[in-house]
Amino acid sequence: MDRKKEIKNKIKAARKKRQYSVDEYMNGIIKGDRKILGQAITLVESTKEEHQINAEEIIDKCLPFANHSFRIGITGVPGVGKSTFIESLGVHILNKNKKLAVLAIDPTSNVTQGSILGDKTRMFHLSSDERAFIRPSPAGDSLGGVARKTREVITLCEAAGYDTIFIETVGVGQSETAVHSMTDFFLLLLLPGGGDELQGIKRGIVEMADLIVVNKSDTNPDLAKKAKQSYRNAVHLFPMKESKWPVKTLLCSALEKKGIPEIWQNIQDYERWVKDNQYFLSNRKKQAKYWLKETIKNGLGTLFLQHPKIKEKYPELEEKVMEGQLSPFLAARELLDAFK
């Protein structure tokens, strides 16, 4: 029995991760050490105060080495083949002597931790290549919190030398807006379902797209061509984008690797376009300003709920609001007065 206990203790000790200093983390990240990068990201995702303090220091020290990547947001309807598409495009990018990080935003599931965890097994070539780094987001109740952590992870990945970053939306709904607010290029994947499919997609998501790709075009080429034309017509109804970029609609079969080179060329053309007309830099500044305000709002929300008077009053007022005995606005006013 003692022998079994001894073996268990040795296994636990072997599994314990070494705790690095802030400088060791920073140096490891800058050298491109994926193990240290992964541990630093775990600190960023942690809710423990001491971990957050260290994470903030690491991010601050890595900041001078960041902001040298091109960030690509990828979203799509269920069943569109995102993992296969990311694998195909990712491998194509790696063959162009790039380094790629793949991140996900998923505030929706506390069980699955985001589909990208399962997708890693399907992204065999990408996940086994040392030039690629795949990391799911922490699932959580707050989209703002998950998105903020993802943006901090981008900084660490950039400092580690990843010059191309994919941010995938796993959840549906507002996660697309969060991804758009931290990327340079937004790619929307759709199926060969014709114009009818657009009815099920929020207009805002289509308007955000810098490129629309009809995937799985090999399954029904004629239907795919019709879908491409329908989406192209729909895009022409929207106002001109702030970047002045003319949005294209392309066909693709990620499974057969068809259309991938054209998609990558379109992304490169866009990068040159927005850097030439100064939109790239102005958009990055706008995004930084947005996340400053978002972080302050999230921080204030946390401070508010942790306040002793709020903790005392909140449950009772919440119950009254749910029972229709008190207006949410009056309850909020009472809580804000108590906070002040």
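The values are calculated or read from the model by the stated rules, or taken from the named source; none is laboratory data. What you are looking at is a predicted structure, and each value in this text was computed from that prediction instead of being measured. Positions of Cβ are backbone-derived with ideal geometry, glycine not excepted, and every protein chain shown enters the neighbour counts.
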Exercise. Please tell me if residue 194 is at pLDDT below 90 and either closer than 18 Å to residue 263 by Cβ or in contact with a Lys or Arg (Cβ under 9 Å, 6 or more places away or on another chain) (or both).
Key: yes
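Okay, residues lined up against (1) assigned to a helix (DSSP H, G or I); (2) at pLDDT 90 or above:
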| residue | (1), (2) |
| --- | --- |
| 87 | yes, yes |
| 102 | no, yes |
| 117 | yes, no |
| 133 | no, yes |
| 148 | yes, no |
| 154 | yes, yes |
| 166 | no, yes |
Quiz item: Would you call residue 76 surrounded by 13 or more Cβ atoms within 10 Å (Cβ to Cβ), under 30 Å from residue 176 (Cα atoms), at pLDDT below 90 and under 17 Å from the mean Cα position of the chain (by Cα)?
Solution: yes
Self-check item: Pair list, Cβ < 7 Å and 6+ apart or interchain, from the range 47-62 residues that are closer than 16 Å to residue 30 by Cα to residues that are β-branched (Val, Ile, Thr)
Solution: 55/44; 57/22; 58/22; 59/155; 61/22; 62/29; 62/155
Exercise. Search the range 92-106 for residues being surrounded by 20 or more Cβ atoms within 10 Å (Cβ to Cβ) and out of contact with any Lys or Arg (no Cβ under 8 Å at 6 or more places or on another chain), and hand back the single one that is nearest to residue 161 (Cα to Cα).
Key: 93
Quiz prompt | Candidates 254, 288 - the one that is under 30 Å from residue 66 (Cβ atoms), at pLDDT below 95 and buried (at least 19 other Cβ atoms within 10 Å of the Cβ) | solution = 254
Quiz item: Restricting attention to the range 1-48, and to residues there that are modelled with pLDDT of 75 or more and among the basic types (Lys, Arg), which single residue is farthest from residue 155 (Cα to Cα)?
Solution: 48
Exercise. Consider residue 255 carefully, then state whether it is outside any helix (DSSP H, G or I), outside the structural domain of residue 56 (by TED's automatic domain parsing) and in contact (Cβ under 8 Å) with a residue 60 or more places away in the chain.
Key: yes
Quiz item: Residue check, residue 301 against (1) of a type in the set (Gly, Ala, Ser); (2) in the same structural domain as residue 86 (by TED's automatic domain parsing); (3) outside any loop (DSSP other than H, G, I, E, B), all met but one. Which one?
Solution: (2)
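Residue-by-condition table, conditions (1) part of a loop (DSSP other than H, G, I, E, B); (2) of a type outside the set (Val, Ile, Thr); (3) surrounded by 15 or more Cβ atoms within 10 Å (Cβ to Cβ):
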site: 205; (1), (2), (3): no, no, yes
site: 213; (1), (2), (3): no, no, yes
site: 227; (1), (2), (3): no, yes, yes
site: 261; (1), (2), (3): no, yes, no
site: 268; (1), (2), (3): no, yes, no
site: 273; (1), (2), (3): no, yes, yes
site: 281; (1), (2), (3): no, yes, no
Practice problem: Mind listing just one residue for me: the one in the range 304-340 that is in a loop (DSSP other than H, G, I, E, B) and under 28 Å from residue 53 (Cα atoms) and, of those, modelled with the highest pLDDT? | Solution: 307
